[in-house]
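A quick write-up on the structure given underneath.
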Amino acid sequence: MNKKPQLSFWSIWNISFGFMGVQIGYSLQNGNTSRILSALGADVHDLSYFWLAAPLAGLIVQPIIGLFSDKTWTRLGRRIPFILFGAIISAMAMFFMPNSEFFAYLLPPLFFGAFMLLFMDTSFNITMQPFRALVGDMVSEEQRNQGYSIQSFLINAGAVVGSLLPFVLTWIGVSNIPAVGEKVAPTVIWSFYFGGGALLLSVLWTSFRTKEYPPEQYEKYNAGDEKETPTGSFLSLLAEIPSTMWRLSIVQFFSWFALFMMWVYTTPGIAQNVWNTLAGDSTSASYNEAGNWVGVIFAGYSLFGALFSLVMAKIANRFGRKATYMFSLLAGGLGLISLNFIKDKYGLIIPMIGVGIAWAAILAMPYAILSAALPANKMGVYMGIFNASITIPQITAGLLGGFLLTMVGEKPILMLGIAGLSMVLAAVSVLLIQEHKQTSNTK
């Protein structure tokens, strides 16, 4: 098997640059979905059910996209046609989501908003899945830590922008309170417009600045993988999943259970714990101020994640991927737990250091570990199947969210404590992983 060539920093950068725009949109969704749906009439006990749209879409869409992209060869490449198509649909959905109330002639606003959330998540998943496989396709084993660390950096940079947008728009004078007779604040609406545009432009950059290996060259670089390649039906692919993937899935379960809880309950939790608002007071100035501040602290964890991404590859090369992964998840768990004890809004930024370190590792380490254990010509489908380790814990958290909220006395802030404990369990579970070392021989 011929070795893949060493890529320049900017070549690796261009491969994942479009993911930055996708993450701007995804962060706007994470930071504002509960806010939008609450304004449209959703009860706080039901929020986690609406959030099920994201993992359900991912569970179905990503394996399908992975399977088809493995078999696709076009003038644009193998993965890029799916990335580009998903970006166009995502941008459209970002326009409709915050404007759901204006389509009441089609569906009640809450139902239209929920439908747009599902539509947006489906298109995000179409776009995101091929980016993971694209790094595995293009980057050599020696540069794999760097490749996924750069991707993690760009994802976090996009998340900083997306999370801060409503706060920045408020600062420059855009109203952060819905107009009379309306439900969603203009800051949120304009943020989604900007996010959709940024998503399209960044994906276009990747699409036209990245040249995927043509079939003959790709086969040359991966010619030694046939002996490891599963054959047969989709069920046989499941039966032959590498053990590394199963063990990583345990860590993923606890990690993404924690993240889902954080995304759903941070806004109502912080609004109640720091701003002293009522759980259903979603259109008040205090609740919307809390919503903006959640955007700021989410930008904080993304910024800390981006900074950690700059050194994560070197740390992983020095101490190993497993040790880096475990330390990062433990830092995130402690950060989430500490949110329960902070009453000052500026103090909320400190725990975001740990959350950001965990987030950066979650975006990079599982894929760096997994991609070394996968056969090259099944990279897309297995990366898609692996997405179930992200979606299933979120579905579980969504179904249990209302029940757990009742169990903790209707205090959303305590849900962040549950999230922290889950992240600590993820850190402990890293001990179960056995890394697969991939070797390449040059002919």
Notebook entry, point to check: What is the chain's relative contact order, in percent, from Cα pairs under 8 angstrom and six or more apart in sequence?
Noted result: 29
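Stretched out fully, how many nm does the piece from residue 102 to residue 216 gain, at 0.36 nm a residue minus the Cα gap?
Values: separation 114, 0.36 × 114 = 41.04 nm, distance 5.14 nm.
That pair, residue 102 and residue 216, stretches by 35.9 nm at full extension.
Compute the FRET efficiency between residue 179 and residue 85 as 1/(1 + (r/R0)^6), taking r as their Cβ-Cβ distance and R0 = 35 Å, and round to the nearest 0.05.
Numbers: r = 35 Å, r/R0 = 1.00.
About 0.50, to the nearest 0.05.
In nm², what is the average projected area of the convex hull enclosing the Cα atoms of the range 245-299? Provide the component values of the computation, followed by the final result.
Numbers: hull surface 17.7 nm².
Value for the range 245-299: 4.4 nm².
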Check: Could you give the length gained on full extension between residue 111 and residue 246, defined as 0.36 nm per residue of separation minus the Cα-Cα distance, in nm?
Finding: 45.0 nm
Notebook entry, point to check: Arranged from highest to lowest average of other beta-carbon atoms within 10 Å per residue, in what order do the peptides 113-124, 156-167 appear?
Noted result: 156-167, 113-124
Next item on the list: Divide by every residue of the chain the summed helix terms, -39500 (n - 2.57) for each DSSP H run of at least 4, and state the resulting mean residue ellipticity at 222 nm, rounded to the nearest 500 deg cm²/dmol.
Entry: -24500 deg cm²/dmol
Margin query: Output the 0 to 90 degree angle, nearest 10, between the alpha-carbon long axis of helix 243-273 and the longest principal axis computed from the alpha carbons of the chain.
Written below: 20
Next item on the list: Could you run the Karplus curve 6.51 cos²θ - 1.76 cosθ + 1.60 with θ = phi - 60° over the range 110-120 and give me ³J(HN,Hα) per residue in whole Hz, x for Gly and Pro?
Entry: 5, 5, 5, x, 5, 5, 5, 4, 5, 5, 5
Next item on the list: Arrange the peptides 406-415, 244-253, 358-367 so that the one whose residues have, on average, the most other Cβ atoms within 10 Å appears first.
Entry: 358-367, 244-253, 406-415
Checklist line | Whole-Hz couplings from phi, Karplus 6.51/-1.76/1.60, listed for the range 183-191; x for Gly and Pro | finding: 10, 10, 5, x, 4, 6, 4, 5, 4
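Once the convex hull of the alpha carbons of the range 251-376 is built, what does its volume come to per residue, in cubic angstrom?
Numbers: hull volume 14.2 nm³, N = 126.
Output value, Cα hull per residue: 112 Å³.
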Check: Taking R0 as 41 Å, what's the FRET efficiency between residue 68 and residue 428 from their Cβ-Cβ distance, rounded to 0.05?
Finding: 0.65
Notebook entry, point to check: Among all lysine pairs in the range 9-432 that are eight or more places apart or on different chains, how many have alpha carbons less than 19 angstrom apart?
Noted result: 10
Checklist line | Cα centre as origin, Lys/Arg/Asp/Glu Cβ charges: the chain dipole, Debye | finding: 1120
Check: Once phi is turned into θ = phi - 60°, what whole-Hz ³J(HN,Hα) does the Karplus curve with 6.51, -1.76 and 1.60 give for every residue of the range 124-130, x standing for Gly and Pro?
Finding: 4, 5, 4, 7, 6, 4, x
Check: Using the Cα atoms of the range 9-432 to build a convex hull, what is its mean projected area in square nanometres?
Finding: 19.3
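Read the figures in this text as sums done on the coordinates, not as results from a lab. Everything numeric in this text was worked out from a predicted model, so none of it was measured. Glycine also receives a Cβ, built like all others from the backbone with ideal geometry; neighbour counts cover every protein chain displayed.
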